[in-house]
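A quick write-up on the structure given underneath.
The values are calculated or read from the model by the stated rules, or taken from the named source; none is laboratory data. Every value quoted in this text rests on a predicted model; they were computed, and no experiment measured them. When we count neighbours, we look across all protein chains shown, and the Cβ atoms used for this are built from the backbone with ideal geometry, even at glycine.
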Amino acid sequence: MKGAVLCGPRDVRFEDQPDPRIEQATDAIIRMSATCVCGSDLWPYRGVQPITGPTPMGHEYCGIVEEVGSAVRSVKPGQFVIGSFATSDSTCPNCKYGYQSSCVHREFMTRAQAPMLRVPLADGTLVPTPGVPSDDDLLASLLTASDVLGTGWFAADAANVKPGSTVVVVGDGAVGLLGVLSARQMGAERIIAMSRHVKRQKLAREFGATDIVSERGDEGVARIKEMTRGIGADSVLECVGTQESMMQAIRATRPGGYVGYVGVPHGVELSGEQLFFAHVHLHGGPAPVRRYLPELIDLVLNGKIDPGKVFDLTLPLDQVAEGYRAMDERRAIKAFLRP
């Protein structure tokens, strides 16, 4: 089979790879129905996160189970399944506490930008749906649950979003936009999306944003303070991962408020003294998507949310390189890939 391989900065190729096979009794092989390019894929694509050699790419996936190992019990061939970007056994203490992305046997998924995929720890990682999705819009929404929807949901959960609260979302990529959607589902009264891009602002409002702030850094913090009578927001979702975005999130939060941070950090350093006097709760990390998958799947299937709108570019899988280019150049929010 062929799949996406990152060979160097801005050099994605669709090249031959070995067909996946059952390696452990707990594995499953799925035939991909859809995959996509993630904003976090852009870090190595841009050369910010180094790679050591040609690297198969992709960690968001859904599809039909083709084969399972002898120890797999919860999924079977023919089922449509969705899985997290981080595998989990569902039995270790971290999984039982709801932090499956810190499972003691965790593996971070790769190789999903391909027609077939091996999923380790299938019983703890994959969630089957009641049937096979019948249209592309539903398929796109279900695919978001594999990462960006689950990550946006975790950002809102970690930020302690409550009914009636004021929420700020830093970042207008797919995760930030779905953080807006998540905050709305959790009952936030006021949701301020920080964005400079008209198309993304429009989608943020569709997902439930009540206000848009285009300023960044010190000016962005000042604007949030002005809008909240000098106090700051109850909850802030940090969905970027830079020093500026993290400090903007912390400084826009009221004393006693919460920051949920899910942007993969690059060059972020925090001052202990600043944190000490900020009186802000910080919680985040790799989203425990598996914790939320059943609830998110139900919300999609019941028509209560439509997160697939974050896909504004659809390409055949063999044009994956264009998906990376379009997202890198901010011509697209998120690229949907069909094998």
If you go through region 15-37 one residue at a time, do you hit one that is in the same structural domain as Glu329 (by TED's automatic domain parsing), at positive phi and more than 17 Å from the chain's Cα centre (by Cα)? no
I want to confirm something. Restricting to region 224-249 and keeping residues that are of a type in the set (A, V, I, L, M, F, W, C) and surrounded by fewer than 23 Cβ atoms within 10 Å (Cβ to Cβ), which single residue is farthest from Ala204 (Cα to Cα)? Ile231
Filter pass, Ser33 being touching a Ser or Thr at 6+ places or on another chain (Cβ under 9 Å), at pLDDT 95 or above and of a type in the set (S, T, N, Q): no
Residues being exposed (fewer than 12 other Cβ atoms within 10 Å of the Cβ) and polar (S, T, N, Q) - total across region 250-288: 1
Could you count how many residues in region 328-339 are in contact (Cβ under 8 Å) with a residue 40 or more places away in the chain and either under 25 Å from Gly260 (Cβ atoms) or not in a helix (DSSP H, G or I) (or both)? 8
Name the residue, out of Glu107, Glu60, that is in the same structural domain as Val320 (by TED's automatic domain parsing), modelled with pLDDT of 95 or more, of a type in the set (Asp, Glu) and more than 18 Å from Thr129 (Cβ to Cβ). Glu107
Name the residues in region 103-114 that are surrounded by fewer than 17 Cβ atoms within 10 Å (Cβ to Cβ) and more than 17 Å from Asp41 (Cβ to Cβ), would you? Val104, His105, Glu107
With the requirement that a residue be in contact (Cβ under 8 Å) with a residue 60 or more places away in the chain and at positive phi, what does region 158-205 give you? Asn160, Gly171
Pull out all pairs, ordered by first then second residue, where Cβ-Cβ is under 6 Å, the residues are six or more apart or on different chains, the first lies in region 222-244 and is of a type outside the set (A, V, I, L, M, F, W, C), and the second is part of a helix (DSSP H, G or I) and buried (at least 16 other Cβ atoms within 10 Å of the Cβ). Glu238/Ser245; Glu238/Met246; Glu238/Ala249
Pick from region 118-165 the residues that are hydroxyl-bearing (Ser, Thr, Tyr) and surrounded by fewer than 24 Cβ atoms within 10 Å (Cβ to Cβ): which of them is farthest from Ser74 (Cα to Cα)? Ser165
From Gly263, Gly257, Gly232, Gly267, which residue is in the same structural domain as Gly179 (by TED's automatic domain parsing) and in contact with a Cys (Cβ under 7 Å, 6 or more places away or on another chain)? Gly263
List pairs: first residue in region 301-319 and assigned by TED's automatic domain parsing to the domain that holds Val12 and of a type in the set (Ser, Thr, Tyr), second residue surrounded by fewer than 18 Cβ atoms within 10 Å (Cβ to Cβ) and modelled with pLDDT under 95 anywhere in the structure, Cβ distance under 9 angstrom, at least six positions apart or on different chains. Thr314/Asp136
